1. From (1) surrounded by 16 or more Cβ atoms within 10 Å (Cβ to Cβ); (2) at pLDDT 90 or above; (3) part of a helix (DSSP H, G or I), pick out the condition that doesn't hold for residue 164.
2. Considering only segment 296-316, state which residues are in a loop (DSSP other than H, G, I, E, B) and touching a strand residue (DSSP E or B) at 6+ places or on another chain (Cβ under 9 Å).
3. Out of 405, 401, 373, which single residue is surrounded by fewer than 21 Cβ atoms within 10 Å (Cβ to Cβ), under 14 Å from residue 295 (Cα atoms) and more than 20 Å from the chain's Cα centre (by Cα)?
4. Considering only segment 193-205, I want to know if a residue exists there that is assigned to a strand (DSSP E or B), surrounded by 15 or more Cβ atoms within 10 Å (Cβ to Cβ) and at pLDDT 90 or above.
5. So residue 138 clears everything in (1) modelled with pLDDT of 95 or more; (2) closer than 19 Å to residue 269 by Cα except one condition, right? Which one?
6. In this structure, does residue 395 turn out to be touching a helix residue (DSSP H, G or I) at 6+ places or on another chain (Cβ under 7 Å) and surrounded by fewer than 17 Cβ atoms within 10 Å (Cβ to Cβ)?
7. Among the residues in segment 231-244, are any in contact with a helix residue (DSSP H, G or I) (Cβ under 7 Å, 6 or more places away or on another chain), buried (at least 18 other Cβ atoms within 10 Å of the Cβ) and under 27 Å from residue 379 (Cα atoms)?
8. Restricting to segment 409-424, and then to whatever is in contact with a strand residue (DSSP E or B) (Cβ under 9 Å, 6 or more places away or on another chain) and in a loop (DSSP other than H, G, I, E, B), can you tell me which residue is farthest from residue 447 (Cα to Cα)?
């Protein structure tokens, strides 16, 4: 009798090794190799049996838009691309206790008005689910509950005719197939269980939502192939110290991948936030140095958020850099540009940067707002009141234009802001500068170089053109150590 081969599979990256070792050679993680039985395969590849010939179709054809199952929760529908699609699979990841199960139970309750949803939990008992439903006020809805972990039992229950329209699995790490020797939560079990459930959803036509645990790095636990298998991947983000929760799409085959939904955690579950900009800026103090308001874009939605900075003299040795809600590498780049191109000495100072409200920003347009907060913190001069800031900073110190400037300005004007610090409009090659954005009643201050930003804090009384509402800053001579801009240094 042939001896069954054994592999050791890394639970972080899914790489297989013939023998156990303390460290994975592929990803470098420690103590992640788990013994699993190797999958059986034919010794001669596909063997002698011939496959069925595939019929190829032309590229041009009529494709109908898939019907949508509108949940009625506008923020969830926005992120999912307009609602759930029959036969599709959606993966939701997030930290423990962030509100994934609460949100999906509310989604199921809303869909139960016109469809038949099923909520299957492998982590909570039926009594726990009913207590949560009572707290959320959805106990009277037509949502079917079950506590199960066997994929075979789930397939037998929801795969036949007259089955549900929506199946929610909480979570995929608790599911298992009884024909595999590995334990639930291992790479093999997670991958195979998800594959069987996705195949069942496409064959039966119901929408499938999978809840996934995340690692300490914030990535969905299990093999990376899990995100490639599903149609939509959503991350539920937020800080437990704040009541705000952000639902962010990172993959969507049926809609945009840069949308976010904003929720507020309340005593009766997650409530939608229709105007997140006003909520993020609710506790802002306008006349404080080291703070600026960034006019950003999250998908099709303009979003205003406060960026806070604090600079203090550091102890001898390496200066400390602490960032919350932004990319630490990008902060290091902005600090280097401020020092090399504008002569602002920040190398001997501890720098702390925070995006208020628990929001995470990845847009390069936040560079100028971060630089304004840093310069304000060092100089002690507040950023002009009721002024928004946005623009991308290049390594040579130039300020580059960013897309959708008009939408950012309109959102700022709607919230009562009267000024904006932004780069000039982009200039096409061989042509004059394009038309400046219509400022309306807003006073626009254009900065084309990082030195111009420092001039605002040194010369705050620059005059503007009364007709256009656009103010062009006259730069001041940079310190001797600054370099990179013609006419300065």
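1. (3)
2. Result: 299, 314, 315.
3. Going through 405, 401, 373 in turn, the sole match is 401.
4. The answer is no; no qualifying residue exists.
5. (1)
6. yes
7. no
8. Checked segment 409-424; the qualifying residue farthest from residue 447 (Cα to Cα) is 415.
The values are calculated or read from the model by the stated rules, or taken from the named source; none is laboratory data. Just so it is clear, the structure is predicted and the values come from calculations on it, not from any experiment. Cβ: placed from backbone, ideal geometry, glycine included. Neighbour counts: every protein chain shown.
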